[in-house]
There are 2 protein chains.
Amino acid sequence: MIGTLYGVGVGPGDPDLITLKAHKVLQAAPVIAYPAPEVGDSLARRIAAPHIPAGRREIIIRMPLDPKRFPDRGAYDKGAAEIAKALRGGEDVAVLCEGDPFFYGSFMYLFNRLTDAFPIQVVPGISSLMACAGASLTPLAARNEVLSILPAPMAAADLRERLLRTDAAAIIKLGRHTPKVFAVLRDLDLLDRAHYVAHATMPDQQVQMLADIDPEEVPYFAMILVRKSGVGL
Amino acid sequence: MIGTLYGVGVGPGDPDLITLKAHKVLQAAPVIAYPAPEVGDSLARRIAAPHIPAGRREIIIRMPLDPKRFPDRGAYDKGAAEIAKALRGGEDVAVLCEGDPFFYGSFMYLFNRLTDAFPIQVVPGISSLMACAGASLTPLAARNEVLSILPAPMAAADLRERLLRTDAAAIIKLGRHTPKVFAVLRDLDLLDRAHYVAHATMPDQQVQMLADIDPEEVPYFAMILVRKSGVGL
């Protein structure tokens, strides 16, 4: 009997924004695993803390650099090997994933390494996309509108083209790319439709119009939501 | 004292894919409201059923036609007026929303009518996007990839252009538009990367490669996920 690997979305930050299903998987799994920085806490582990019973074995996948910006092949190889050992021993392993496992999540690196050898189940989570829309009371898209998820590191000209061709957009992975994004949105006359959300659903949540923030001081876990038309109907 | 309006995401179908927060709001709210077809059951009400205590007052917003395809102004006017009356009387009202309230959800029509007069909170839900990715074990997007949400009713040429310009796509609202979508994907040589999911997380869930289904027999609550590159790393 080999174990099952669960990719468990733990949501955007508020521990109550975890699903009942994720809660049940975390109650039952004898082993949990999660990525963490080289030194210090794992965000996913902190979000899930109230749902993890005492005495669970924990596999910590330490990343030599910020795993969101610089995923490290060797760290995932090592983590996957450790998880595989537990699965081969018949233990289920729950991997904690910020937001949703398959929406720009690092879980897919473990998934890729383990999917041929082990049964895998994914428990979807509340992603930052839905969390930011809810926090800022900004509908993402309606009816037959096109919604584009645009990572901020792309070139300004590319971002401009894509914003021109979409009805609504979520611009993610902001951080140091924010001044460029700010300039493109201003140029397209979209600043008054651009909502800024940082640390959605966490105690330090920040919701403002983009025009009112300092684009030089934006964290990585922030998002801009733009919708060209009003709600309608 | 006026009441608060809650837009509550009840998730894609599995009653366990509701958040603890949504569960708590539904335990506390004296009034629940939801859209329903002119005759018969509301899907959102059915998903949320295990979480709704007995004896709650229910405001049913009857739609003269399929509300996803043909939202009806008058029905929302009437529903919003009934909700407003409860809120003015000091009662909190929880509106049940399939998936997530702000991801192509009809909640935004109520939101639009009530946001100037009442406090509103949105409880994000697991959307069909994340549910279909999890059900089909298909990562949506990674790193700096662009993800496009494309409603199937658009013209074939438009769909083709947008698919050419994106790294990954979710094609939604399929139904009778599926033969057109199928032809465009075949033409772009993307059929072998196109995953089809219907009724995600429900008892009648269907997960297949798009190439293996009959495009003439596709329900409205189905989605195609395409990702051009592999997982990488």
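For chain B, what number of Lys pairs, 8 or more residues apart or on separate chains, have alpha-carbon atoms under 27 Å from each other? Within chain B, the lysine pair count is 10.
Taking every DSSP bridge with both residues inside chain B, close to 35 percent are antiparallel. In sequence order, the stretch A:146-162 has phi-based couplings of 8, 10, 10, 9, 10, x, 5, x, 5, 5, 4, 5, 5, 4, 4, 4, 5 Hz under the Karplus curve 6.51 cos²θ - 1.76 cosθ + 1.60, θ = phi - 60°, and Gly or Pro positions carry x.
In this structure, the amide hydrogen of B:LEU137, modeled 1.01 Å from its nitrogen in the peptide plane, lies closer than 5 angstrom to no residue at least 5 positions away or on a different chain. Checking every one of the GluC sites (Glu not before Pro) in the stretch A:153-233 against DSSP loop status and a limit of 10 other Cβ atoms within 10 Å picks out A:GLU216, A:GLU217.
Residues in the stretch A:129-227 average 38 Å² of solvent-accessible surface per residue, probe 1.4 Å, ligands and nucleic acids excluded. Per residue of B:98-109, other chain Cβ atoms within 10 Å of the residue Cβ number 6 on average. Across identical copies of the chain, B:GLN121 has label-point separations of 3.1 nm, listed in ascending order, with the point defined 7 angstrom from Cα along Cα→Cβ.
Looking at chain A, the pairs of alpha carbons with a distance over 31 Å make up 28% of the total.
Here the simple spin-label model places points 7 Å from the Cα toward Cβ, and for B:ASN144 and B:ASP16 these points are separated by 4.0 nm.
Using C-alpha pairs under 8 Å with a sequence gap of at least 6, the mean separation divided by the residue count of chain B gives a relative contact order of 22 percent.
In units of the rule-of-thumb radius 2.2 N^0.38 Å, the protein assembly as shown shows an alpha carbon radius of gyration of 0.94.
Between B:ILE2 and B:ALA211, the contour length at 0.36 nm per residue exceeds the alpha carbon distance by 69.9 nm. Given the stretch B:1-130, what whole percent of its Cα pairs are spread farther than 22 Å? So the pairs more than 22 Å apart make up 27 percent of the total in the stretch B:1-130.
With θ taken as phi - 60° and the Karplus curve 6.51 cos²θ - 1.76 cosθ + 1.60 applied, the whole-hertz 3J(HN,Hα) list for the stretch B:205-213 is 3, 10, 10, 8, 6, 4, 4, 9, 9 Hz, x standing for glycine and proline. The string of couplings for the stretch A:163-174 from the Karplus curve (6.51, -1.76, 1.60, θ = phi - 60°) is 5, 5, 9, 10, 7, 8, 8, 10, 9, 10, 6, 6 Hz, one whole number per residue in order, with x for Gly and Pro.
The trypsin sites (Lys or Arg not before Pro) found in the stretch A:2-85 that occupy coil by DSSP, while having at most 15 further C-beta atoms within 10 Å, are A:ARG56, A:ARG69.
Residues whose amide H falls under 5 Å from that of B:GLN121, counting only those 5 or more places apart or on a different chain, are B:LEU5, B:TYR6, B:GLY7, with hydrogens built in the peptide plane. Rg ratio for the stretch A:129-227: its Cα radius of gyration over 2.2 N^0.38 Å, N being its residue count, equals 0.97. The length gained by stretching the chain between A:ASP187 and A:ALA81 to full extension, at 0.36 nm per residue less their Cα-Cα distance, is 33.3 nm.
The values are calculated or read from the model by the stated rules, or taken from the named source; none is laboratory data. Keep in mind it's a predicted model, so treat the numbers as computed, not measured. Positions of Cβ are backbone-derived with ideal geometry, glycine not excepted, and every protein chain shown enters the neighbour counts. Remember, those area values only see protein heavy atoms, side chains included, never the ligands or the DNA or RNA. Shrake-Rupley method; radii C 1.70, N 1.55, O 1.52, S 1.80 Å.
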